[in-house]
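The values are calculated or read from the model by the stated rules, or taken from the named source; none is laboratory data. Predicted, not measured: the structure shown is a model, and the values here were computed from it. Here the Cβ positions follow ideal geometry from the backbone for every residue, glycine too, while neighbour counts run over all protein chains shown. When the accessible area is computed, the model is the full protein with side chains, heavy atoms only, and any ligands, DNA or RNA have been set aside. Shrake-Rupley method; radii C 1.70, N 1.55, O 1.52, S 1.80 Å.
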Amino acid sequence: MTADIGFLRDLVTAPGPSGFEQPVQEVVRRRLAPVAAPETDVLGNVVATVNPGAAPLVVVAAHADQIGLQVTWVDEQGFVFFDKLGGVDPLLLPGRAVVVQSRQGAVDGVVGKRPTHMIPEAERGKAAELCDQWIDIGAPDRAAALARIACGDPIVFSPHFVELAGGIVAGRALDDRCGLYVVVRALELYAGAPGAAALRALSTVQEETRYMGAQVQARRQQPDCMIVVDADFATDQPEVEPRRAGGTLVLGGGPALGRGGASNPALLALFEEVAATEGIAVQTKAYPGDTQTDNEVLQTAGAGTAAINLGLPVRYMHSPHEVAHLDDLESAAHLVAAVARRVGEVFEPGFFTPRV
Ligand SMILES: [Zn+2]
């Protein structure tokens with residue numbers, strides 16, 4: 001299984017902070033067009049189906065959006081103030097290169113900070129509140145800044161994507177461009193050798209803020225089962241303990257199958273059976289509570305849908321340089337395609353209803 005690193009780079013390089021996902025959704029549409037007919041709903045969710053109209057219907061979903069910032073105000077000197085889109089750690093920002101995605105195009109900037117020499121001892125190591133941080137775009141005053149950017153413009157970390165070594169990559173927004181990679185590749189693999197089931201890709205918007213894309217699609221979809229692919233916390237790094245993270249999750253160990261209320265037992269058993277038959281390594285992750293993904297919302301699709309969480313191990317979540325393993329992505333795509341074929345063989349009404 002050779003991963004398509006160029007496609008992952010395209011997904012990572014395209015900006016798509018929550019509420020402003022169109023550039024990355026365009027990458028998804030372009031790539032899906034040869035195997036399915038992508039459609040975009042009013043919120044910006046992208047949907048495309050191989051074997052449309054066939055039954056059962058299997059949906060594989062990931063979120064297109066990434067965390068970011070948004071311009072709120074520009075002061076007299078031309079410094080740009082901002083708020084956050086999604087879970088941004090204020091500690092990470094000072095000294096960071098960012099890009100304002102203005103209507104005119106990309107505007108480079110840096111998050112300013114006081115020189116370390118001038119920070120009193122008592123304040124060192126503490127993050128300033130977001131409203132006390134600023135971005136410098138090199139504008140001499142407010143008018144010059146507002147000629148290039150505007151209130152409401154989204155902001156992202158500067159594009160970054162490198163292969164560190166042996167299939168381990170680092171980049172921004174691997175949460176959840178890793179998942180998007182799996183969704184699109186799974187559709188391609190399934191289109192190359194389809195089974196009886198319809199397999200539908202769903203690329204959602206606004207997961208990092210309010211699960212808005214999933215909420216809209218949960219009302220429109222009536223799938224027989226739903227596979228939600230998202231980045232999950234790798235534990236093979238300092239200071240992340242498996243006992244606090246729902247179990248051990250290592251890079252290169254394969255995708256993690258979630259267990260808990262958000263995963264249907266029959267669908268989980270099917271994933272385990274197919275992974276064993278196909279020789280695909282998987283890991284197990286406990287979700288005693290909220291998965292903090294689109295899963296809970298998408299489970300409400302139709303009259304209630306059998307769902308499962310497929311977690312991709314990612315280090316340094318929500319930082320500008322997240323780290324993942326290409327093999328986990330490609331093997332997850334093969335697993336999803338194989339599961340879709342198997343669901344087509346074994347599905348009957350009531351298949352996913354837990355046995356009493
Ligand atoms: Zn995510």
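Checking the cross-link filter: which lysines have an alpha carbon closer than 18 Å to that of Lys113, excluding same-chain neighbours under 8 positions apart? Leaving aside lysines fewer than 8 places away in the same chain, those within reach of Lys113 are Lys84, Lys126.
The residue list Val216, Val240, Gln206 was ranked by how far each Cα lies along the charge dipole of region 201-246 toward its positive end, using unit charges on Cβ atoms, and Val216 comes out on top.
For region 49-132, carbon and sulfur atoms together expose 55% of the accessible surface, with a 1.4 angstrom probe and every protein chain in place. For Gly19, the residues 5 or more places off, or on other chains, whose built amide H falls under 5 Å of its own are Gln206.
Under 5 Å between amide hydrogens, built in the peptide plane, is the criterion, and for Arg172 it picks out His160, Glu322 among residues at least 5 positions away or on other chains. Per residue, the accessible area of the chain comes to 42 Å², computed with a 1.4 Å probe over protein heavy atoms only. Modelled spin-label separation between Arg210 and Asp132, with each label point placed 7 Å from Cα along the Cα-to-Cβ direction: 2.9 nm. Rounded to the nearest 20, the Cβ-based charge dipole of region 68-157 about its Cα centre (Lys and Arg +1, Asp and Glu -1) stands at 200 debye.
For region 8-82, the relative contact order comes to 27 percent (Cα pairs under 8 Å, sequence separation of at least 6). Under 5 Å between amide H atoms, partner at least 5 residues away or on a different chain: which partners does Leu249 have, H built in plane at 1.01 Å? Counting only residues 5 or more places away or on other chains, the set is Thr235, Asp236.
Taking square-rooted eigenvalues a ≥ b ≥ c of the alpha carbon gyration tensor, is region 153-277 rounded, prolate or oblate, where a/c under 1.5 means rounded and, failing that, a/b exceeding b/c means prolate? The shape class here is rounded.
For the options Pro320, Pro34, Pro56, a Gaussian network treatment of the chain with springs between C-alpha atoms closer than 10 Å singles out Pro34 as fluctuating the most. Considering only Pro159, Gln299, Gln70, and ranking their Cα positions along the charge dipole of the chain that arises from unit charges at the beta-carbon of Lys, Arg, Asp and Glu, the one farthest toward the positive end is Gln299.
Mean separation of Cα pairs under 8 Å and 6 or more residues apart, divided by the residue count, gives the chain a relative contact order of 23 percent.
Summary of the geometry: region 48-87 and region 308-347, compared by the centres of their Cα atoms, lie 20 Å apart.
Rg and Dmax of region 68-157, based on Cα coordinates, read 13.0, 42 Å. Computed about the Cα centre, the dipole magnitude for the chain is approximately 320 debye when only Lys and Arg (+1) and Asp and Glu (-1) carry charge, each at its Cβ.
Within the chain, what percent of beta bridges assigned by DSSP are antiparallel, to the nearest 5? Counting only bridges with both partners in the chain, antiparallel ones make up about 60 percent. Counted residue by residue at 0.36 nm each, then reduced by the alpha carbon distance between them, the extension gain from Glu272 to Glu121 reaches 48.9 nm.
Using C-alpha pairs below 8 Å separated by at least 6 residues, the relative contact order for region 68-157 is 46 percent.
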